[in-house]
Amino acid sequence: MRKKNTESLGDVIRQMLKEQHLEGRLNDKHIIEAWPVVLGQNISKYTTGLSVRNHTLYVSLSSAVLRHDLFLSREEIKAALNRHVGAEVITDIVFR
């Protein structure tokens, strides 16, 4: 039987990450891992680099046509990635 003053291990870990200011970096990693899941393997084939800095996702692509198409859909992509992670991690996407 659980004592009334106990916490779940997940809650303790989340609290520790927040106190150590590591929660943001973990969410950045989750955004990068979500890219192929949210956008699919076809787009991932043309993705040459992903990084997150200052709440901005930087995406390097090998196709100029795809870069333009994704640029036009960046708001929907941003919302889908944030929704997948479950937090407002990125506020902008820059395609290179």
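The values are calculated or read from the model by the stated rules, or taken from the named source; none is laboratory data. These numbers were taken from a predicted model, which means no experiment stands behind them. All Cβ positions, glycine included, derive from the backbone under ideal geometry; neighbour counts span all protein chains shown. Side chains are part of the model used for accessible areas, which takes the heavy atoms of the whole protein and leaves out ligands, DNA and RNA. Shrake-Rupley method; radii C 1.70, N 1.55, O 1.52, S 1.80 Å.
Taking the conditions exactly as written (farther than 21 Å from ARG96 by Cβ and without any contact (Cβ under 8 Å) to a residue 60 or more places away in the chain), does HIS30 satisfy them or not? So HIS30 passes the test.
Do we have GLN20 as open to solvent by 40 Å² or more (accessible area, probe 1.4 Å) and over 17 Å from the mean Cα position of the chain (by Cα) here? Spell out how you get there, then give the answer.
Numbers: open to solvent by 40 Å² or more (accessible area, probe 1.4 Å): yes; over 17 Å from the mean Cα position of the chain (by Cα): yes.
So GLN20 fits the description; yes.
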